[in-house]
Each structure stands twice: as C-alpha cells, then as structure tokens.
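Chemist: Structure in structure tokens, see below.
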Amino acid sequence: MSIVDYLGIELPIIQSPMAGVQDHRLAVAVSEAGGLGSIPCAMLGADAIAAELSAFRALSDQPVNVNFFCHQVPQADARRETGWRNALQPYLNEYGVSTIPPGPDRNPFDQAAATAIAPFRPEVVSFHFGLPSAELIHRVKSWGARVMSSATTVDEARWLEAHGADIVIAQGYEAGGHRGMFLSDDLTTQMGTMSLLPQIVRSVRIPVVAAGGIADERGVKAALAMGATAVQMGTAFLLCDEAGTSAIHRRALKSADSSHTAVTNLFSGRPARSIVNRVIRELGPISELAPAFPLAATSIAALRKAAERHNSGDFTPLWSGQNTSGCSEVSARELTLALAGALEPA
Ligand SMILES: Cc1cc2nc3c(=O)[nH]c(=O)nc-3n(C[C@H](O)[C@H](O)[C@H](O)COP(=O)(O)O)c2cc1C
C-alpha cells in the first residue's frame with residue numbers, strides 16, 4: 001500500500017512539525033492542499049494541545065499529524081548551570097539582563113498529552129528523540145493512529161521498527177531544527193539524506209519518509225526514486241504566509257546568512273541546525289558547557305528576548321536546514337502543490 005493510501009492523503013508531502021514557529025494554521029493549509037499537515041506540540045501544555053487540535057478539526061476534515069518530543073527529563077546540575085551562566089555573562093551584562101525567568105517548556109510525551117489528543121483521534125502521531133513507553137504507544141494506536149519517528153542512523157531506524165513505529169523518517173544531516181538522534185550523541189554518526197535514505201530503505205520493512213535538504217519538486221522526485229514513500233519538509237515552509245516564523249527569523253532566511261548553517265547545542269542542549277549567528281560564531285557551535293536538553297534554553301532565552309528587543313537575531317535560534325532555496329513567500333497550498341508537481345492551472 002502506498003503511503004498516500006496508508007495515511008489517507010493525496011500527495012506524498014508531509015509538512016515538518018516545527019515547534020515555536022507554526023501552529024494549526026500551517027497544518028490546515030497543507031492538509032487541505034492534499035499533503036499531511038503537522039501540529040508541533042513539544043512546547044505546549046495539555047490545554048494548548050487540545051485547543052490546537054480543536055482549531056484544526058474546525059477548519060479541516062483532512063488527516064493531521066501531531067508531534068511530540070520524548071526525551072528523558074534531566075536532573076538540574078547546579079555546577080553546569082553556573083558554568084553556562086558564566087559563559088553567557090558577558091552577553092547578559094551587555095544587555096543588562098540580571099534576572100533569568102523560567103525557560104521555554106519542553107516536556108516529553110506523557111499520559112496527560114495522550115489524554116489531550118485522544119478525543120480528536122489524530123490520524124498520525126509523530127515523535128522526535130525516539131519513542132515513548134510501550135504503554136503510551138499502545139494507547140495512541142488504540143484509536144488507529146499511525147506512529148512515526150525520526151531516525152538519523154540505520155541503527156535508530158531498526159530500533160524504531162522493533163519498538164512499534166509504523167513509519168520511519170530518515171532525517172539527513174541537512175535537516176533544519178533538532179537532530180532526532182537518540183541512540184548515540186556522537187555527531188560523527190550523522191549522515192546526509194542521500195547516504196542515509198537508501199540504507200534505511202534497505203534495512204527496515206516499514207515505510208520510510210525522507211527528510212532533510214529537500215526543497216523542490218525535483219528533490220521530492222529524487223527521494224521517491226530512492227525508495228522513500230513520502231518526504232517531510234520543514235525549511236521550505238518557513239516563509240509561507242501561514243507560518244508563524246518571526247520577522248527576525250524571516251529576515252535571516254531571506255538574507256545571504258542563510259547559506260551558512262551549523263549544528264549547535266547552544267540553544268537547547270541538544271544538537272540542532274540553525275543559521276550561524278553571533279553566539280554560534282563566538283562560543284562555537286557545540287559547547288561542553290551547555291546544560292542537558294532542554295535546560296540550556298533558559299539563560300539563552302532571556303538573552304534572546306533582550307536582543308530581539310533591539311531587533312537583533314544574535315541570540316535567536318534561527319532554525320534552518322542547509323537548503324533554503326525552496327523558501328518562498330507564498331501560501332502553503334501553493335508550495336505543497338508545487339512540491340508535488342500538482343500545481344493547478346492558473
Ligand atoms: C524551524 C524548525 C523546527 C523544527 N521543529 C521540529 C519539531 O518540533 N519536531 C520534529 O519532529 N522535528 C522538528 N524539525 C525537524 C523536521 O522534522 C525535519 O527533520 C526537517 O524539517 C527536515 O529538513 P528540512 O528542514 O531541510 O526540510 C524542525 C525543523 C525546522 C526547520
């Protein structure tokens with residue numbers, strides 16, 4: 001069965017869930033165009049998750065994907081926090097930031113989140129950083145949802161298949177946002193989409209979705225030719241009318257800066273791809289001082305806020321993949337149809 005039939009969608013295009021930059025509006029536009037729209041829930045509490053799904057269902061009767069993180073919650077480590085704070089102190093002084101409010105919430109998928117989504121019976125539930133417990137997977141599947149998760153290595157793809165994933169997303173190193181890596185934190189294990197995709201296709205029996213660096217119809221066709229049953233794209237949607245991408249983030253994506261991205265742990269504690277900005281340049285993309293995910297986000301979020309007040313993206317996570325050539329300021333419907341080679345005649 002093709003993934004299109006498997007998921008009840010018309011086009012093999014999945015819009016990446018992108019926490020912090022989009023909500024149900026982008027998802028509705030993509031699902032209504034025939035792709036699979038995604039609602040990122042990693043930074044939302046139970047009430048906000050229910051509100052997002054309710055808004056989606058009010059506007060569309062097409063399938064939807066809801067996305068969660070499933071990391072281990074770390075113990076706070078006072079020594080590491082102090083080291084990190086010291087590394088950021090010159091910048092905090094520069095902006096006159098003396099109090100650090102609590103950082104952005106990033107909670108792993110749990111029973112409360114499952115309870116919030118259950119009444120809406122989302123057709124697809126996807127995860128980043130592995131999978132939740134067998135009990136939670138069973139609960140999600142009890143209403144017929146398909147379970148999807150990102151693999152950044154062949155081992156991770158095999159692990160996901162063995163632990164209940166219905167679909168695996170091969171996330172190449174080009175991809176924007178967080179690396180979904182969960183079996184190893186060694187960045188030298190990470191491969192580009194062209195290398196990763198065919199190896200995962202050969203190694204698992206479940207359908208494989210390609211993600212990372214795909215930006216146009218030819219890229220979609222290439223991924224399908226290499227054995228993917230669909231593609232998941234994030235960066236290409238960041239300038240769409242329905243995306244909530246901030247003005248500072250949009251400006252960076254449209255500038256020459258977007259040709260230089262790096263995988264960095266500075267913004268959250270986990271490796272994620274961002275356009276290189278001042279803090280990445282000055283501290284280096286990977287810092288051993290950064291506290292464990294998601295604790296590193298707290299101090300830098302305060303700096304980000306202060307810098308953004310001065311219209312600066314120097315401390316903003318400018319999440320982006322390596323290929324921004326597909327970003328354009330159009331409706332997500334137009335982009336989805338163009339990616340699938342299904343543009344309606346004008
Ligand atoms: C701005 C941004 C935010 C992202 N946030 C998430 C997220 O919340 N959950 C997730 O599973 N993946 C997230 N990703 C990664 C995507 O799932 C996917 O791997 C990536 O978009 C594919 O590469 P591309 O950006 O080159 O298209 C994000 C990507 C971007 C660009």
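The values are calculated or read from the model by the stated rules, or taken from the named source; none is laboratory data. Nothing here was measured: the structure is a model prediction, and the numbers come from that model. Here Cβ is always computed from backbone atoms with ideal geometry, including for glycine, and neighbour counts include all displayed protein chains. For accessibility, only protein heavy atoms count, side chains too; no ligands or nucleic acids. Shrake-Rupley method; radii C 1.70, N 1.55, O 1.52, S 1.80 Å.
Chemist: Given the criterion more than 21 Å from residue 27 (Cα to Cα) and among the hydroxyl-bearing types (Ser, Thr, Tyr), identify the matching residue among 149, 126, 142.
Modeler: It is 142.
Chemist: If residue 300 satisfies all but one of (1) open to solvent by 60 Å² or more (accessible area, probe 1.4 Å); (2) within 20 Å of the chain's Cα centre (by Cα), what's the number of the condition it fails?
Modeler: Every condition holds for residue 300 apart from (1).
Chemist: When you check residue 211 against the structure, is it aliphatic (A, V, I, L, M) and more than 13 Å from the ligand (Cβ to nearest atom), yes or no?
Modeler: Judged against the criteria, residue 211 is not a match.
Chemist: Now, a different point. Out of (1) open to solvent by 60 Å² or more (accessible area, probe 1.4 Å); (2) among the basic types (Lys, Arg); (3) modelled with pLDDT under 95, what's the single condition that is false for residue 106?
Modeler: Answer for residue 106: the failing condition is (1).
Residues checked against (1) in contact with a Leu (Cβ under 7 Å, 6 or more places away or on another chain); (2) surrounded by fewer than 24 Cβ atoms within 10 Å (Cβ to Cβ); (3) modelled with pLDDT of 95 or more; (4) closer than 12 Å to residue 320 by Cα:
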| site | (1), (2), (3), (4) |
| --- | --- |
| 188 | no, yes, yes, no |
| 194 | no, yes, yes, no |
| 232 | no, no, yes, no |
| 238 | yes, no, yes, yes |
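Chemist: Is it the case, given these coordinates, that residue 228 is away from the ligand (no atom under 12 Å from the Cβ), modelled with pLDDT of 95 or more and surrounded by fewer than 24 Cβ atoms within 10 Å (Cβ to Cβ)?
Modeler: Taking the combined requirement at face value, the residue does not satisfy it.
Chemist: May I pose another question? Looking only at residues that are over 14 Å from residue 126 (Cα atoms) and over 20 Å from the mean Cα position of the chain (by Cα) in region 140-158, which one is surrounded by the most Cβ atoms within 10 Å (Cβ to Cβ)?
Modeler: Here the residue is 158.
Chemist: With region 222-329 as the region, which helices (runs of 4 or more DSSP H) entirely inside it contain at least 2 residues that are in contact with a Gly (Cβ under 7 Å, 6 or more places away or on another chain)?
Modeler: Those helices (runs of 4 or more DSSP H) span 247-254, 297-309.
Chemist: Being touching a residue at least 60 places away in the same chain (Cβ under 8 Å) and either assigned to a loop (DSSP other than H, G, I, E, B) or open to solvent by less than 60 Å² (accessible area, probe 1.4 Å) (or both) is the filter here, so list the residues in region 82-98 that pass it.
Modeler: 83, 84, 87, 88, 91, 92, 95, 96, 97
Chemist: While we're on this one: Considering only residues that are part of a loop (DSSP other than H, G, I, E, B) and either open to solvent by less than 10 Å² (accessible area, probe 1.4 Å) or among the small types (Gly, Ala, Ser) (or both), which ones fall in region 330-346?
Modeler: Correct list: 331, 340, 341, 342, 346.
Chemist: If I ask for residues that are within 14 Å of the ligand (Cβ to nearest atom) and either under 22 Å from residue 206 (Cα atoms) or β-branched (Val, Ile, Thr) (or both), which ones from region 13-41 would you list?
Modeler: 13, 14, 15, 16, 17, 21, 30, 35, 36, 37, 38, 39
Chemist: Run down 200, 206 and say which single residue is in a helix (DSSP H, G or I), hydrophobic (A, V, I, L, M, F, W, C) and over 17 Å from the mean Cα position of the chain (by Cα).
Modeler: Details: 206 fails: in a helix (DSSP H, G or I).
Unique residue meeting the criteria: 200.
Chemist: Let me ask something additional. If you take the residues of region 124-183 that are assigned to a loop (DSSP other than H, G, I, E, B), of a type in the set (A, V, I, L, M, F, W, C) and at negative phi, which of them is farthest from the ligand (Cβ to nearest atom)?
Modeler: 143
Chemist: Right, another one. Residue check: is residue 218 outside any helix (DSSP H, G or I), more than 11 Å from the ligand (Cβ to nearest atom) and surrounded by fewer than 18 Cβ atoms within 10 Å (Cβ to Cβ)?
Modeler: Criteria not met by residue 218.
Chemist: Working carefully through the options 92, 88, find the one that is in contact with a Lys or Arg (Cβ under 9 Å, 6 or more places away or on another chain) and either at pLDDT 95 or above or of a type outside the set (Phe, Trp, Tyr) (or both).
Modeler: Just a single option satisfies the conditions, and that option is 92.
Per-residue answers, yes or no, for (1) touching a residue at least 24 places away in the same chain (Cβ under 8 Å); (2) within 16 Å of residue 324 (Cα to Cα); (3) out of contact with any helix residue (DSSP H, G or I) (no Cβ under 9 Å at 6 or more places or on another chain):
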residue: 214; (1), (2), (3): yes, yes, no
residue: 249; (1), (2), (3): yes, yes, yes
residue: 255; (1), (2), (3): no, yes, yes
residue: 268; (1), (2), (3): yes, no, no
residue: 287; (1), (2), (3): yes, no, no
